[in-house]
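Input: a single structure, listed below in structure tokens.
The values are calculated or read from the model by the stated rules, or taken from the named source; none is laboratory data. If you're wondering where the values come from, they're calculated on a predicted model, not measured in any experiment. In this analysis, Cβ positions are derived from the backbone assuming ideal geometry, glycine residues included, and neighbour counts consider all displayed protein chains. SASA here: full protein model, heavy atoms, side chains in, ligands and nucleic acids out. Shrake-Rupley method; radii C 1.70, N 1.55, O 1.52, S 1.80 Å.
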Amino acid sequence: AHVCGVHGFKPTMGRMSTIGGVNALTGMEGIVAQAGPIARTVADLEVAIDVLRRAGTSDPYVAPVPWGDAAAVDLGRLRVGLWNDDPLFTPSPAVVRATQEAAEALRAQGAEVVPFRPEQSERGWRLCLGLISAAGAGRARRLLAGEPPIPLVARALSVWNMPRAARSVLAASLDALGQPWRAKVVRASRATTVEAYWELIHDRREYVRAVTAQLDRERIDLLVAPPHGLPALLRGTSAEVLPAAVYSFLPNLLGLPCGTVAATRVRPDEETRRPESRERVQALARRNELQSAGLPVGVQICARLWRDDVCLAAMRAVEAHFAKNEDYPPRRLQSQPGE
């Protein structure tokens with residue numbers, strides 16, 4: 001939804017029916033797959049959510065927590081955390097502008113806006129990679145049902161099942177070559193034993209507790225953040241710029257209700273301010289940013305656990321703000337002479 005000019009919403013983890021209550025890829029419960037709709041407007045999202053909610057009333061994996069009424073949420077009572085930078089990855093200029101505008105739209109509704117940054121974000125990012133890859137390539141290949149994976153997936157699967165000695169050599173080589181983020185991906189993405197998997201589950205629970213405590217201390221009701229650190233990615237580069245996905249990795253790890261709202265487009269003067277670099281992640285990030293003018297950009301809204309109503313209410317306000325602008329992504333841009 002971030003780059004398609006549409007909106008999306010993912011309820012609190014465990015709020016709606018899932019595939020047997022587990023992650024479809026790993027078959028495990030570390031990061032549970034959660035149904036969520038994509039639509040043209042927030043109003044349409046709410047209709048789709050109501051349909052999905054009613055369909056899952058007899059699912060034993062759905063937590064019996066009542067839904068709040070988004071229309072009854074008072075945005076003026078909210079304290080909003082603006083998370084638009086992180087040590088793992090600095091977002092593109094257009095992405096930063098979009099999040100700042102979204103936060104200002106909520107401020108105009110009376111909300112208090114403060115800077116926010118999750119503690120130990122790299123720890124959460126590594127936990128996501130570890131949980132996703134914990135079952136190794138076997139289940140992923142079974143899901144493919146004999147169909148060969150695309151090269152991007154094939155590379156990931158080969159890393160997941162890499163022998164320990166080969167993994168250590170590859171990671172050390174990448175560090176020596178000045179590619180620290182690629183080395184971190186290789187170290188974190190690996191098949192594990194059952195015992196090691198349950199250690200990951202324990203670490204996830206402790207991380208969720210730590211970030212929840214931080215939200216409590218800072219009295220944060222809502223987060224405004226990028227869905228991803230970059231606009232639309234060039235084909236074949238998504239696995240190479242994984243640090244840019246920290247803004248979606250962590251809310252998924254925490255199980256928060258999150259929505260993506262179409263916001264704006266990259267302007268010609270804000271494609272990139274990223275310096276040239278030999279480090280692979282930053283080099284590919286800059287390559288993705290160059291000539292990105294005109295691409296749509298969205299913002300991510302995340303609420304506290306079980307406060308899906310707060311998330312949807314904020315999404316409505318942010319949508320109303322951006323819909324007035326000429327570069328609102330669902331609106332077609334006027335063709336230029338000669339186009």
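Summary of values
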quantity: Complete set of residues in the range 151-205 that are surrounded by fewer than 15 Cβ atoms within 10 Å (Cβ to Cβ) and touching a Lys or Arg at 6+ places or on another chain (Cβ under 7 Å); calculated: 178
quantity: Check on residue 219, more than 14 Å from residue 131 (Cβ to Cβ) and in contact with a helix residue (DSSP H, G or I) (Cβ under 6 Å, 6 or more places away or on another chain); calculated: no
quantity: Residue within the range 138-154 that is closer than 30 Å to residue 211 by Cα, among the β-branched types (Val, Ile, Thr) and out of contact with any Pro (no Cβ under 7 Å at 6 or more places or on another chain) present; calculated: no
quantity: Total residues in the range 29-57, condition loosely packed, with under 14 Cβ neighbours inside 10 Å, part of a helix (DSSP H, G or I) and at pLDDT 85 or above; calculated: 4
quantity: Flag if residue 102 is buried (at least 18 other Cβ atoms within 10 Å of the Cβ), in contact (Cβ under 8 Å) with a residue 60 or more places away in the chain and part of a helix (DSSP H, G or I); calculated: yes
quantity: Residue check, residue 25 over 21 Å from residue 222 (Cβ atoms), open to solvent by 40 Å² or more (accessible area, probe 1.4 Å), modelled with pLDDT of 75 or more and not polar (S, T, N, Q); calculated: no
quantity: Qualifying residues in the range 294-322 (those that are modelled with pLDDT of 95 or more and over 21 Å from the mean Cα position of the chain (by Cα)) - the one nearest to residue 97 (Cα to Cα); calculated: 321
quantity: Index of the failed condition, residue 291 passing every other in (1) open to solvent by 30 Å² or more (accessible area, probe 1.4 Å); (2) over 19 Å from the mean Cα position of the chain (by Cα); (3) at pLDDT 95 or above; calculated: (3)
quantity: Residue 101 vs. criteria farther than 30 Å from residue 290 by Cβ, modelled with pLDDT of 90 or more and among the acidic types (Asp, Glu); calculated: no
quantity: Subset of the range 216-236 (residues that are free of Cβ contacts under 8 Å to residues at least 24 places away in the same chain and either buried (at least 23 other Cβ atoms within 10 Å of the Cβ) or over 27 Å from residue 104 (Cα atoms) (or both)); calculated: 235
quantity: Which numbered condition residue 134 misses (of (1) surrounded by 23 or more Cβ atoms within 10 Å (Cβ to Cβ); (2) modelled with pLDDT under 95; (3) within 18 Å of the chain's Cα centre (by Cα)); calculated: (3)
quantity: Count of the range 237-250 residues which are in a helix (DSSP H, G or I), surrounded by fewer than 21 Cβ atoms within 10 Å (Cβ to Cβ) and hydroxyl-bearing (Ser, Thr, Tyr); calculated: 1
quantity: Given (1) modelled with pLDDT under 95; (2) under 30 Å from residue 187 (Cβ atoms); (3) open to solvent by less than 20 Å² (accessible area, probe 1.4 Å), number of the condition residue 142 does not satisfy; calculated: (3)
quantity: Residues (aliphatic (A, V, I, L, M) and within 14 Å of residue 7 (Cα to Cα)) located in the range 292-332; calculated: 297, 299, 301, 312, 313, 314, 315, 317, 318, 320, 323
quantity: Out of 196, 213, 244, 239, sole residue that is over 25 Å from residue 42 (Cβ atoms), among the hydrophobic types (A, V, I, L, M, F, W, C) and free of Cβ contacts under 8 Å to residues at least 60 places away in the same chain; calculated: 213
quantity: Residue within the range 64-80 that is modelled with pLDDT of 95 or more, under 30 Å from residue 291 (Cβ atoms) and either among the aromatic types (Phe, Trp, Tyr) or not in a helix (DSSP H, G or I) (or both) present; calculated: no
quantity: Residue within the range 217-227 that is among the charged types (D, E, K, R), out of contact with any Lys or Arg (no Cβ under 6 Å at 6 or more places or on another chain) and modelled with pLDDT of 95 or more present; calculated: yes
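Quick grid of which residues meet (1) closer than 25 Å to residue 118 by Cα; (2) of a type outside the set (A, V, I, L, M, F, W, C); (3) open to solvent by 20 Å² or more (accessible area, probe 1.4 Å); (4) outside any loop (DSSP other than H, G, I, E, B):
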| position | (1), (2), (3), (4) |
| --- | --- |
| 252 | yes, yes, yes, yes |
| 264 | no, yes, no, yes |
| 269 | no, yes, yes, yes |
| 274 | yes, yes, yes, no |
| 277 | no, yes, yes, no |
| 299 | yes, no, no, yes |
| 306 | yes, no, yes, no |
